[in-house]
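K.L.:
One structure follows; several queries about it will come next.
The values are calculated or read from the model by the stated rules, or taken from the named source; none is laboratory data. Because the structure is predicted, anything quoted here is derived from the model rather than measured. No Cβ is skipped: glycine too gets one built from the backbone with ideal geometry, and neighbour counts run over all protein chains shown.
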Amino acid sequence: MVALLLSKPIKLGRFTADDNGTVEGTVTIPKWTDPGRHTFLLKGKESKLTLSAKITVRPNKPHLADTGEDRSLVMVGGTAALLALGAGTMMAVRRRKHN
């Protein structure tokens, strides 16, 4: 499975499903990614199944002082949730194919 950001195709990571079809992983959106709307895509290499979500990348503010405001954890958490959702969707599709 590969995770991509589609505005300018950027490979964000490569993941392997376990025997149940579950995929877990974390990706980081590069700081140089243009602000705006993007599509995050998970694509199964063998299964050819896909899952996509619209995301918004906010402008990278200049770093003046550490005020404790860091949204990277929110983005990583959101991405992890998307990966978990994708894994669940792929498992459901596989179960339907086998039944």
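K.L.:
Can you name the number of the only condition in (1) surrounded by fewer than 11 Cβ atoms within 10 Å (Cβ to Cβ); (2) modelled with pLDDT of 75 or more that Leu51 fails?
P.N.:
Here Leu51 meets the rest and fails (1).
K.L.:
Now, a different point. I'm trying to understand the selection: among the residues of the stretch 9-28, which are surrounded by fewer than 18 Cβ atoms within 10 Å (Cβ to Cβ) and closer than 17 Å to Val57 by Cα?
P.N.:
Pro9, Ile10, Lys11, Thr26, Thr28
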